[in-house]
Each structure stands twice: as C-alpha cells, then as structure tokens.
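Asks: A single structure is presented below for examination.
The values are calculated or read from the model by the stated rules, or taken from the named source; none is laboratory data. What you see is a predicted model, and the numbers here were worked out from it, not measured in a lab. Positions of Cβ are backbone-derived with ideal geometry, glycine not excepted, and every protein chain shown enters the neighbour counts. The protein model used for the area step is the full one, side chains on, heavy atoms only, and it has no ligands, DNA or RNA in it. Shrake-Rupley method; radii C 1.70, N 1.55, O 1.52, S 1.80 Å.
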Amino acid sequence: MNHHALALKFHSFSPQYALSLSNFTLHSPNPLQFRVPNVSSSPVSLRSRSSAADLSPVRYTDVSSSSIGSVGGTGGVVVAEKPIDVATLGNLCVDIVLSVDELPPNSRGERKALMDELSLSPPDKKYWEAGGNCNMAIAAARLGLRCVAIGHVGDEIYGEFLLDVLHEEGIGTVALDGVAANAKDATSFCETLICWVLVDPLQRHGFCSRADFKEEPAFSWITDLSDEVKMAIRQSKVIFCNGYDFDDFSPSFIMSTVDYATKVGTAIFFDPGPRGKSLSKGTPDERRALSHFFRMSDVLLLTSEEAESLTGIKNPVKAGQEILRNGKGTKWVIVKMGPKGSVLVTKSSVSVAPAFKVEVVDTVGCGDSFVAAIALGYIRDMPLVNTLTIANAVGAATAMGCGAGRNVAKRHHVVDLIKASKLNDEESLLKELLTENPETPKVNLLSKGMRKEGSNKQQIEIISMEKVVSELLPELELGRCCVKASS
C-alpha cells in the first residue's frame, strides 16, 4: 500500500471500539499522588512541578554491617524508611491515537515513511495520551501509593506534556540523562518517545515508533545511574520494570539497575509483556538480561501464555512453581488468565481469584492497572487473596472504560465492582488449575460461597467474597487506598 493513500483522521478514545490485548502493543503510563522526599545531604533532582515546601525528610541510620539497603562497602548508610512506594523505570512515551482507513504497510521502508509523514506536524493535544509506564504509575497513584517515574523525556512539547500529566496525577519524576556523543543527530536521539497508534475501521491496531527503526535502544547513550536516580531507587519500596525497558536502555544498564535495586533492598517487579518472546530469542546480551530479571525479581507477572512459553508447561500453577524454583529472590509469581481470573504462586501456597464479570470495552491499560494493585497489596502486606481480588477489580474497572493513561480505573467503578461481587465461574477455574497438579500444598480460593473439599494432598481453604469485601471496602471508601474519583 502506498502510504500517501492513507486518509488520516484523529481518533479520541471513543467508546465505540474495544481493543484486543493480543493486538495492542502496550506502552503504559502510571501516575501517583506523592510528596517528593528531600534529603539535605544528597537531594533528588526531580523534573516535576512540586514545590520545596511539599518535601518531607528521610531518616537514615549509620551501620557498619553490610545489611540490605547499605550503600558502600564496609560501611555507609541504610535507608531506615523508604518514603516512595513505587518507582517505574523508563518506558515514558506519548501515545497519539489516529483513525486510518488502512493499517500501515508491512514494508519497513514504507512504515518509516509513514511515521515521518505523521511526525511533520503534531495533532491537537486532545488526541495525546500518556503512555508506557505512565499507566502503571497513574493507577498506583490513584490507589493512594506514592510514586516516582524514572526515565528520559525531551525538552520539546511532548516532554512538557508528559511532565504536566504526571504532575497533575501527583507523580514525581527523576531524569535519566546522558550524552549522545556518537549520535549523528543528537537532538532526535534525545526527544521524547512517540508511539503512533493507528486504528482501522475494524478496530485493528498498527503502531509506528522511532524504536521500531533503530538497531539499538533509543537511549543507549544512557549508561550510568546518576546519584539522583540511585537515591530514588534507594528510597522506593518497589521498582517496576517491563519488557519495553529494552527498547529504551542497553541490557548492561538494565542489569546494573536490577543489581543496585537488589543491593539497597528495593523489591523488583517485572512484567516481560509482549516483548518477552522476542527478547528470549534476542541477542546474547538481551537474553542474559532477561534471565537476570527472572532470577532476581521479587515479583514476576506473566500471562498464562507467557508462563507457558517460558517454561513449556501449560498448567499455570505448575508453570509458576517452576519459575519460583529457578528464581533466586522470587517471592511471588502471578499468572494473569484474562476473563478467567488470576493466580498467585508462592513457595508455600497458591491463591486463586476468579475474574469479575464486566462488559469489556477496552483492554488497554488493564495489565498496568492490575500490577499497580498487586504493588499495593505487596507493600501493605494484604492477604494474598485480597491482593488478587483488588487487582482483578482495578483491572476490570479499567476494561470498562476507554484507553489507558488518564483513562485508567476510577474509584467509584472499583467500589461498585467489589460491592456487586459478580465473579466468573470458580469451579472450572479451580479444576483447570489443579488438574494433574498434586504438588500444591495449600490453595486459597476466593469463592462466591460454594464450599469445596480438597483431596488428601491438597488443602483448599475457602475465602468468601463477603469476607474479602468487608476488608477491602472500608479502605477504599475511606480513601486509604482509594482510586481518585475525579480522574
């Protein structure tokens, strides 16, 4: 198809279309309400609109032992408190959604020409949306978590847009910068990443991004963690990474970030996403870094298809157990099963929660919303089934709306879903998970009320939806972990 024949028209997240997760390359943004901490001896330099009056101090304790969180060799400081709940690494982009008569051609050259044509003049801002890791940050912030986005944005209008969106959601930003010394056009290498999301009349999707036409990561010139970035990681309880980080940074930079987070006691959450499959067949450095994520992450999140692809095991519980066995510090493996529900596997138990029954409008951002709620449960030490339940609810509430970014779950939708307690069938889900899987020591099952009996080797503990609702609703309604109603 000749790219000049494309008739473009702006598409503004209309509810008339429902996106399929399998067709959508997720770039997810994540905003959070949070006061940026300030340490007088080594301030974090934040590219946000927060004022100095909003900053609160962090306390440190001198130690001589090399405990988790220590900085330096034989001595140094340990962060006594981690004031930031969640930091996201990289993948900060602007999604621009356009309706087209036809999807982009397969030819690499023609796709590049189309992207260049689209880039000649920016469309109206009402067609822009924060993308990438902004989705997770926004969902987490609306759950009451304090967030910071670590990444690179340019100094042009798109970068200003992203900073404004994150600021409005209460999310701080820490700049990842470097010197693009070897770039032929240094300016283009430093620009904010743009993802052109093209939607045809059949609601199929095509994508154009600068990252698609580069042989190396977009910001390969970022090679070191600055003091400001190290402090942000050190002050965070969780750092969230996904497979799209490999489009931003070199494998060596990613591995050094993982190692530093491990050193300072920051829990690593990793979701390989659609990029996981290509990375597993990528360069030796990419495969090494991907394996490092699976070995060192505290929490791994995968779809059932991704878990099977990784392990060769179809049963999600058995696949999760296999991943746990191969991990060094892995505590949770979470397998997302779409409309069926989700599973959380630990070394001592399996927790199962059926999905909520909803009318799905748009699945974009559902996975990002889900992981934000998992982080909430992890940080606040919620019961495992409660954690899965609120994650399923927040993901489902996002699916009822249109688009990601600022369109992720709203508080009243989450509350309504939990109150209604309409769950999909738990019987078939449990049967699928436990078939030919006698090794499961204990199963915690969220149930609508129907009792089940376990076999001799499987202890099944029924946890009623009524009990979970009674524990979750007070927090949601009192705003302790509330999704912002106004966003």
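Asks: What about Ser348, is it free of Cβ contacts under 8 Å to residues at least 40 places away in the same chain, open to solvent by 10 Å² or more (accessible area, probe 1.4 Å) and out of contact with any helix residue (DSSP H, G or I) (no Cβ under 8 Å at 6 or more places or on another chain)? Spell out the reasoning first.
Replies: Working: free of Cβ contacts under 8 Å to residues at least 40 places away in the same chain: no; open to solvent by 10 Å² or more (accessible area, probe 1.4 Å): yes; out of contact with any helix residue (DSSP H, G or I) (no Cβ under 8 Å at 6 or more places or on another chain): yes.
So Ser348 does not fit the description; no.
Asks: Among what's in segment 206-221 and is open to solvent by less than 10 Å² (accessible area, probe 1.4 Å) and either in a loop (DSSP other than H, G, I, E, B) or farther than 28 Å from Ile96 by Cβ (or both), pick the residue that is modelled with the lowest pLDDT.
Replies: Ala218
Asks: Can you spot a residue in segment 138-150 that is part of a loop (DSSP other than H, G, I, E, B) and open to solvent by 20 Å² or more (accessible area, probe 1.4 Å)? Quick ask: steps written out before the conclusion?
Replies: First, pick out the residues of segment 138-150 that are part of a loop (DSSP other than H, G, I, E, B): 143-146.
If we keep only those that are open to solvent by 20 Å² or more (accessible area, probe 1.4 Å) as well, we get 144, 146.
Within segment 138-150 (the criterion being part of a loop (DSSP other than H, G, I, E, B) and open to solvent by 20 Å² or more (accessible area, probe 1.4 Å)), the answer is yes, since at least one residue qualifies.
Asks: Which condition does Ser464 not pass, out of (1) surrounded by 12 or more Cβ atoms within 10 Å (Cβ to Cβ); (2) modelled with pLDDT under 65, if it passes all the others?
Replies: Of everything listed in (1) surrounded by 12 or more Cβ atoms within 10 Å (Cβ to Cβ); (2) modelled with pLDDT under 65, Ser464 misses just condition (2).
Asks: Counting only residues that are modelled with pLDDT of 85 or more and in contact with a Gly (Cβ under 9 Å, 6 or more places away or on another chain), which one in segment 163-190 is nearest to Ala373 (Cα to Cα)? Give the derivation first.
Replies: Taking segment 163-190 and keeping what is modelled with pLDDT of 85 or more, we get 163-176.
Adding the requirement that they be in contact with a Gly (Cβ under 9 Å, 6 or more places away or on another chain) leaves 165-166, 173-176.
On the way: Val165: 21, Leu166: 18, Thr173: 21, Val174: 23, Ala175: 25, Leu176: 26 Å.
Filtering first and then ranking leaves Leu166.
Asks: Please work out if Gly131 is free of Cβ contacts under 8 Å to residues at least 40 places away in the same chain and either in contact with a Leu (Cβ under 7 Å, 6 or more places away or on another chain) or not in a loop (DSSP other than H, G, I, E, B) (or both). Before the answer, list the steps.
Replies: Working: free of Cβ contacts under 8 Å to residues at least 40 places away in the same chain: no; either in contact with a Leu (Cβ under 7 Å, 6 or more places away or on another chain) or not in a loop (DSSP other than H, G, I, E, B) (or both): yes.
Against the criterion (free of Cβ contacts under 8 Å to residues at least 40 places away in the same chain and either in contact with a Leu (Cβ under 7 Å, 6 or more places away or on another chain) or not in a loop (DSSP other than H, G, I, E, B) (or both)), Gly131 does not qualify.
Asks: For segment 381-433, how many residues meet the condition of being farther than 19 Å from Met337 by Cα, among the basic types (Lys, Arg) and assigned to a helix (DSSP H, G or I)?
Replies: 3
Asks: Check every one of the helices (runs of 4 or more DSSP H) wholly within segment 222-331 and list those with 1 or more residues that are without any contact (Cβ under 8 Å) to a residue 12 or more places away in the chain and over 28 Å from Ala141 (Cα atoms). Spell out how you get there, then give the answer.
Replies: Numbers: elements: 227-234, 245-248, 251-263, 275-279, 284-296, 304-311, 316-326.
Of the helices (runs of 4 or more DSSP H) lying wholly inside segment 222-331, those with at least 1 residues that are without any contact (Cβ under 8 Å) to a residue 12 or more places away in the chain and over 28 Å from Ala141 (Cα atoms) span 275-279, 284-296, 304-311, 316-326.
Asks: Would you tally the residues in segment 289-323 being modelled with pLDDT of 95 or more and of a type in the set (D, E, K, R)?
Replies: Within segment 289-323, residues that are modelled with pLDDT of 95 or more and of a type in the set (D, E, K, R) number 1.
Let's see how each residue does on (1) of a type in the set (Gly, Ala, Ser); (2) on the phi < 0 side of the Ramachandran plot:
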site: Ala372; (1), (2): yes, yes
site: Leu376; (1), (2): no, yes
site: Ala391; (1), (2): yes, yes
site: Gly395; (1), (2): yes, yes
site: Thr398; (1), (2): no, yes
site: Gly405; (1), (2): yes, no
site: Lys410; (1), (2): no, yes
site: His413; (1), (2): no, yes
site: Asp416; (1), (2): no, yes
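Asks: Taking segment 362-384, which residues are among the aliphatic types (A, V, I, L, M), surrounded by fewer than 24 Cβ atoms within 10 Å (Cβ to Cβ) and more than 12 Å from Ala140 (Cα to Cα)?
Replies: Taking segment 362-384 as the starting set, the residues that turn out to be among the aliphatic types (A, V, I, L, M) are 364, 371-376, 379, 382, 384.
If we keep only those that are surrounded by fewer than 24 Cβ atoms within 10 Å (Cβ to Cβ) as well, we get 379, 382, 384.
Correct list: Met382, Leu384.
Asks: Assess whether Lys314 counts as being touching a helix residue (DSSP H, G or I) at 6+ places or on another chain (Cβ under 7 Å) and within 28 Å of Val394 (Cα to Cα).
Replies: Working: touching a helix residue (DSSP H, G or I) at 6+ places or on another chain (Cβ under 7 Å): yes; within 28 Å of Val394 (Cα to Cα): yes.
So Lys314 passes the test.
Asks: Now, a different point. Just to be sure, is Val358 more than 20 Å from Asn444 (Cβ to Cβ) and surrounded by fewer than 24 Cβ atoms within 10 Å (Cβ to Cβ)?
Replies: On the way: more than 20 Å from Asn444 (Cβ to Cβ): yes; surrounded by fewer than 24 Cβ atoms within 10 Å (Cβ to Cβ): yes.
Yes; evaluated as a whole, the condition is true for this residue.
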